[in-house]
1. Sort out which residues of the stretch 132-162 are in contact with a strand residue (DSSP E or B) (Cβ under 9 Å, 6 or more places away or on another chain) and surrounded by fewer than 12 Cβ atoms within 10 Å (Cβ to Cβ), and write them in order of number.
2. Take the residues in the stretch 414-461 that are within 36 Å of the chain's Cα centre (by Cα) and in a strand (DSSP E or B); name whichever of them is surrounded by the most Cβ atoms within 10 Å (Cβ to Cβ).
3. Select the helices (runs of 4 or more DSSP H) contained entirely in the stretch 74-161, then report the ones holding at least 1 residues which are within 19 Å of the chain's Cα centre (by Cα) and closer than 24 Å to residue 547 by Cα.
4. Specify the residue that is farthest from the chain's Cα centre (by Cα); the eligible residues are those in the stretch 208-238 that are within 23 Å of residue 171 (Cα to Cα) and not in a loop (DSSP other than H, G, I, E, B).
5. When you go through 404, 345, 386, 355 one by one, which is the residue that is touching a strand residue (DSSP E or B) at 6+ places or on another chain (Cβ under 9 Å) and assigned to a helix (DSSP H, G or I)?
6. Could you identify the single residue in 546, 528 that is assigned by TED's automatic domain parsing to the domain that holds residue 358, modelled with pLDDT under 90 and closer than 30 Å to residue 364 by Cα?
7. When the stretch 177-199 is examined, which residues are found to be over 19 Å from residue 111 (Cβ atoms) and either in contact with a strand residue (DSSP E or B) (Cβ under 8 Å, 6 or more places away or on another chain) or free of Cβ contacts under 8 Å to residues at least 40 places away in the same chain (or both)?
8. State yes or no: is residue 329 in the same structural domain as residue 495 (by TED's automatic domain parsing) and in contact with a helix residue (DSSP H, G or I) (Cβ under 7 Å, 6 or more places away or on another chain)?
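The values are calculated or read from the model by the stated rules, or taken from the named source; none is laboratory data. Since the structure is predicted, the reported quantities are computational estimates derived from the model, not experimental observations. Neighbour counts run over all protein chains shown; Cβ positions are idealised from the backbone, glycine included.
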């Protein structure tokens, strides 16, 4: 459905230019021939893109591109498989050609995302049949650590920036800003950092000179006010998956629709214009580029009714409080952008941390993560804050050993919780050359803290716990009863704001600059098994905040035939065999961490006295 609402109509601008072309008479001189060709190409973007790149657009792609060209403020909320990043890349190829001196800025939740879109546009330019497009981009892109840019000979430029670019980011000016995955970028960052990019007009001098000339013509009675030339306005364009109804993205979605449809808003031709596009996979033609195999698998066993399916595939906003863990509360318990603590590459001095491990030993890339989580302790309020995460599938034990050493040497770990069924990992780690080289040996606690005699076991724990000798490993048992109690405890902790998520490191200038001064341990690797650099590690840590929250949102509670409560992923997600399938292992780390914080705080603050006698005799 296309609805222009109460906005300025654009039908006259986008009428079928073939009709006008057919009405042309006689011969055209060189100048008018060029102008006519440009007008035709500008109004037929699908034809133009195929002509210069050799790539044919689908009808919905051409509709979206025309909308982005026509409107100043755009929001695209689309499901998986829609090709949001591809459309952004196409826009980056076309817009700077038709609008000389334009500057298109690409921003994503992490620099890797913005760089990926830039490289998709670069691939289109360098395609095997993109001869004419290559003529428009005759030079090579310029690549630096904090910017990738590509300049055209007509003065236009396409560039990608990281959110962590500090004062350079705040001083950036652009004529079009494209924000990818807008749901991951906070309201504060969008309104206070990114939107100010558009405060300056790119062709101000030309526009001022034209206005002076038009004033003279109007005064002479040769033209009227309605004949003034409308210069292109700066554009703010956002692409995203759907989110929750409490998020800034949803508020923007509703606000933009109101700007389109509310006929009580007084508008002038100089006001910003809006377009909102929401597209489910169902809107795409059959047998197009979308892979229905995965969607059909996601729909199986009632998956179509889950909030996850509605958000990810149908682009529908869902209620944040409908899952077992209240996602509105999870959002409220996330440290605001720019504030401390952020995610960390190393712990803060004089702070204490809990480390939890959910091991997996499979060599398959589609297996569970070998997951670890580091949580900063706030003893005064008995809170924990997720500040560092790890998740790898299909890696070797040596890779996990090296990362464990990294965490033990960069954070003041005072408690290490691990799934009791995986304690052989600690044993094998202690026997490894990697641990021996660092002089590390971990000791295991034997107190049975699930026992009914909790106070007695707490006393045993106090006696055997020793941080100096690293006797800090607690094997967390998992059974039907303990899993239920741990989940209920975590749910209550989130609702009581005792469980927090750190803010993003890359959007905090001071924290980012400080982190960039440190080189990561040369032994630790990324998920591809290659040495990880500092910048990549920062972006990875920030992405784990959203990933862990996503895992929490997917947890479903079901009862077995025997009445046992199960906390697990929806079956259609759990049964997926894709490498990038959704997992729950970092959620399990958080489950253990909050329970571990109770044990640790109880050990510190509870006075445990052994009762010697219940009767004291006295003389008369």
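1. 139, 140
2. Selected residue: 417.
3. 84-98, 111-125
4. Within the stretch 208-238, the match that is farthest from the chain's Cα centre (by Cα) is 235.
5. 404
6. When all the criteria are applied, what remains is 528.
7. If the condition is that a residue be over 19 Å from residue 111 (Cβ atoms) and either in contact with a strand residue (DSSP E or B) (Cβ under 8 Å, 6 or more places away or on another chain) or free of Cβ contacts under 8 Å to residues at least 40 places away in the same chain (or both), then 191, 192, 195, 196, 198, 199 are the ones that fit.
8. So residue 329 passes the test.
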